[in-house]
1. So, restricting to helices (runs of 4 or more DSSP H) that lie completely within region 61-174, which ones have at least 1 residues that are closer than 26 Å to Ala191 by Cα, modelled with pLDDT of 95 or more and charged (D, E, K, R)?
2. Looking at region 111-157, which of its residues are on the phi > 0 side of the Ramachandran plot and surrounded by 13 or more Cβ atoms within 10 Å (Cβ to Cβ)?
3. Restricting to region 153-180, give me the number of residues that are touching a His at 6+ places or on another chain (Cβ under 9 Å) and within 21 Å of Ala123 (Cα to Cα).
4. Please enumerate the residues belonging to region 164-197 that are touching a residue at least 60 places away in the same chain (Cβ under 8 Å) and surrounded by fewer than 17 Cβ atoms within 10 Å (Cβ to Cβ).
5. Within region 175-209, track down each residue that is of a type in the set (Phe, Trp, Tyr), outside any helix (DSSP H, G or I) and closer than 17 Å to Ser143 by Cα.
Amino acid sequence: MVTLSSQGALPRATSARRWPPPASAGGTRPGWKPSTRCVPDRGLDLSPLRTLTAKSVRSAAIATGSALALSAVVLGSAATPSPALTAAAATRPTVQLVSAVTPAARQAVSLTPRQIARRMFGAFHWRPRRQFRFLNMLWDRESGWNVHAQNPWSGAYGIPQAVPGGKMASAGPDWQNSARTQILWGLRYIAAVYGKPRIAWIHEVQDGWY
């Protein structure tokens with residue numbers, strides 16, 4: 001049995017055999033007219049138990065057709081590019097950016113003078129753990145590892161304080177501004193005169209120069 005309220009609202013109880021109730025001659029179901037109080041008609045919210053109006057059906061058909069047409073246009077554009085874009089892409093020149101900075105120069109810029117000196121120890125067969133601390137104390141006292149350090153009285157120049165500074169040109173033409181060139185010359189000098197940075201540091205402490 002289906003029991004309806006006095007105002008024609010939702011049914012309170014139902015039976016699986018008798019629900020939904022039969023439609024009337026006008027195509028509507030009892031209690032589900034658009035004008036029923038407390039049951040607003042949402043237009044496009046088409047429930048199978050709601051009354052279908054001509055306006056709701058027409059609006060749903062327009063919305064569905066527009067969505068299908070838009071999907072077809074998008075899929076067609078993605079699958080087949082326009083001839084104008086294809087021709088422009090074929091004739092457009094290719095630009096390749098080439099860096100003027102070599103990897104060695106980039107690495108030299110990123111390393112500090114102390115790091116450069118430590119990496120050169122292998123060429124002189126020195127162990128950084130034993131010898132680098134003496135070199136660090138030596139050149140920290142002489143120039144503070146400053147590439148442009150200059151002594152106006154003796155004419156010493158650069159990180160190793162070569163006297164005169166032009167001696168370092170034997171290691172490279174950029175001896176005035178290059179920490180790598182100055183360090184290379186200084187390590188060669190220490191290896192030729194003292195053999196190891198530790199001996200050069202001992203001479204520096206005793207005599208004030210090396």
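1. On the way: elements: 83-91, 103-110, 113-120, 128-142.
Fully inside region 61-174 and qualifying: 113-120, 128-142.
2. Trp145, Gly155
3. Adding up the residues that qualify gives 0.
4. Passing the criteria: only Ala191.
5. Across region 175-209, the qualifying residues are Trp175, Trp209.
The values are calculated or read from the model by the stated rules, or taken from the named source; none is laboratory data. This is a predicted model, so every value here is computed, not measured. Counting neighbours? That spans all protein chains shown, and the Cβs are built from the backbone with ideal geometry, glycine included.
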